[in-house]
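S.K.: Have a look at this one before I ask anything.
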Amino acid sequence: MHPNPTAFSFPSSRFSLRILLVALLILANGMAFAQRGNAQEPAPENTAAATESASPNSTPPQDTDEAADQASPVAPQPRDFNAWRPLAAMCLGITVVLGLMIGLKVHAFFALILGALVISCWIPLDVVGFVKSPVPDVVRNASQAAPIQIVNRVTNSLGGAVSGIGILIAMAAIIGKCMLVSGAADRIVKSALAIFGEKRAALAMMVSGFILSIPVFFDTVFYLLVPLARSLYRRTGKNYLLYLGAIAAGGAVTHTLVPPTPGPLLVAEALEVSIGTVMLIGLCVGIPSAAIGLLAAAWLNKKMPIEMRPMAGSGAAAEEKEFTVLPSLPMAIIPVLLPVLLISIETIFSTMVGKNPTNENIQTIQSWLKLIGSPNLAMILAAIFAIFLCWKVQKHSLKALADHVEDALLSGGVIILITAAGGAFGGLLAMTEIQLVVKSLFEGNESGGLIVLVVAFGLSAALKIAQGSSTVAMIISSSLVSSIALPLAASDNLGFHPAYLVSVIGSGSLMGSWMNDSGFWVFSKMGVLTEGETLRSWTVLLSILSISGFLLTTLMATIFPLV
């Protein structure tokens, strides 16, 4: 489900040369336009203070907060605006990303960085940042207008994205790895089987996948649970596809709806919504969606019963792996529940008392809860406990613990880079002022909120089908949707809490998973299914999850708008 590193695969030298020439022409044209745009579009009054105070050799702001500090609080003034420029930049940027990933099989990180650079070439050189609040707007500084801004904007946006999601994803990777090697993941699965019984083993598989995919990447969860599904088939001699589908239904839902997995985490950052709120909405949408997925898996199992086939290679060795000692269920589940509880307590308390309570005692409590419920601190505490489990239960040495953390960071580092590159891509897209183009389509429209939900779902689904990665689909679509949603939310015209858009985009990223998705091949190879069987089972199941997630989110946003 998350993007995997891929090697460069160039079709032919002549074809590659043509692509390179076209790319150079686009970059040259964009840089020329940026220089013209810098001369033609004077800095508005809201950035006059920043322009006068900055020196010619000063560096651009490192994040949007610094950029906001440099700007005056005066509302932005109207100015001449060419709508075709942001549209051209957006189309070229998306074309570069999808063309490189689909056509040339370029790694997602490299493709997103190049796409961000292409977009940056079409932005006037005096644009040095973008602020999302109180009113979304670009930050201009004429004294810093220079060609180096084309690169600086990308690096600053990348750094800002890493600061928002880097610790969370790194800690999630450590938690996932330590849960696997400490036996905590095995304990959760076996306890679920003991609670639900063998007759309801599919439900146990779904619940296990649902819980484990919150801190652990989907591919790893599926790899962990498939041996149990195969063991169940050996006992019962039936329902093999049901067991596989149950694991997929539970794992795929939380992978795309519940932080700290990278996709929903970055969408929450792009839409400026609380991670705690996203977690609660994701769980409320994810639980019934997973139940619908379980029913769909049962239907598929009846329509196309499949017998289990022998597994070769490393997968066969995984089936023989057993722990001699396992932690207790309460100990095993703490790394999953601890961050959810800490973040949720702070979110619920702030919702009850408001953002700015007048009572001093309540203010003190709220300030401490903000520390305890900080997503970064909550995930660090959970990671420390997960490492402690490895030492306490499996008696791993300090060297072994260090190796576990290093292995986790090697895989988590790739995800951090891809996700941050997506954040940079979205940041550059915002600097083109694409939000001004789309704002007029929804402003003053009572049905605007519903249209935004449909647009968000459609964009995410189309991008997922086109390039295969759920995470990349969520990253790009959130960049586009935020330009629509943030102005509407600021003017109270959205009609529901922006956190619902995270679930809608996540649901869309499940649509139409086929051969360009790594999850498709994990399901196919680990389940020992043919490509045709995988298309008729996995692809159909995830499409059902996608539609059900969209409908459930729309229903919740209508009944409980939270605004």
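S.K.: Which one of the conditions (1) open to solvent by less than 40 Å² (accessible area, probe 1.4 Å); (2) within 26 Å of the chain's Cα centre (by Cα) does A202 fail to meet, given that it meets all the rest?
M.R.: (2)
S.K.: When the residues of region 399-424 are filtered to those that are open to solvent by less than 60 Å² (accessible area, probe 1.4 Å) and modelled with pLDDT of 90 or more, which remaining residue is nearest to the chain's Cα centre (by Cα)?
M.R.: V405
S.K.: Among the listed residues N152, N156, identify the single one that is surrounded by fewer than 20 Cβ atoms within 10 Å (Cβ to Cβ), among the polar types (S, T, N, Q) and not in a loop (DSSP other than H, G, I, E, B).
M.R.: N152
S.K.: For region 466-563, please list each of the helices (runs of 4 or more DSSP H) lying entirely inside it that holds at least 3 residues being open to solvent by 40 Å² or more (accessible area, probe 1.4 Å).
M.R.: 540-559
S.K.: Checking the structure you have, find out if any residue of region 446-453 is at pLDDT 90 or above, outside any helix (DSSP H, G or I) and not acidic (D, E).
M.R.: There is no residue in region 446-453 that is at pLDDT 90 or above, outside any helix (DSSP H, G or I) and not acidic (D, E).
S.K.: With the structure loaded, tell me whether F110 is under 18 Å from V154 (Cβ atoms), modelled with pLDDT of 85 or more and out of contact with any Lys or Arg (no Cβ under 7 Å at 6 or more places or on another chain) or whether it fails that test.
M.R.: yes
S.K.: Could you tell me whether region 504-511 includes any residue that is at negative phi and modelled with pLDDT under 90?
M.R.: Within region 504-511, none of the residues are at negative phi and modelled with pLDDT under 90.
S.K.: Out of D137, D186, report the one residue that is of a type in the set (D, E), open to solvent by less than 30 Å² (accessible area, probe 1.4 Å), farther than 30 Å from A383 by Cα and touching a residue at least 24 places away in the same chain (Cβ under 8 Å).
M.R.: None of the other options fit; the residue is D137.
The values are calculated or read from the model by the stated rules, or taken from the named source; none is laboratory data. Everything quoted here is computed from the prediction, not taken from an experiment. No Cβ is skipped: glycine too gets one built from the backbone with ideal geometry, and neighbour counts run over all protein chains shown. Remember, those area values only see protein heavy atoms, side chains included, never the ligands or the DNA or RNA. Shrake-Rupley method; radii C 1.70, N 1.55, O 1.52, S 1.80 Å.
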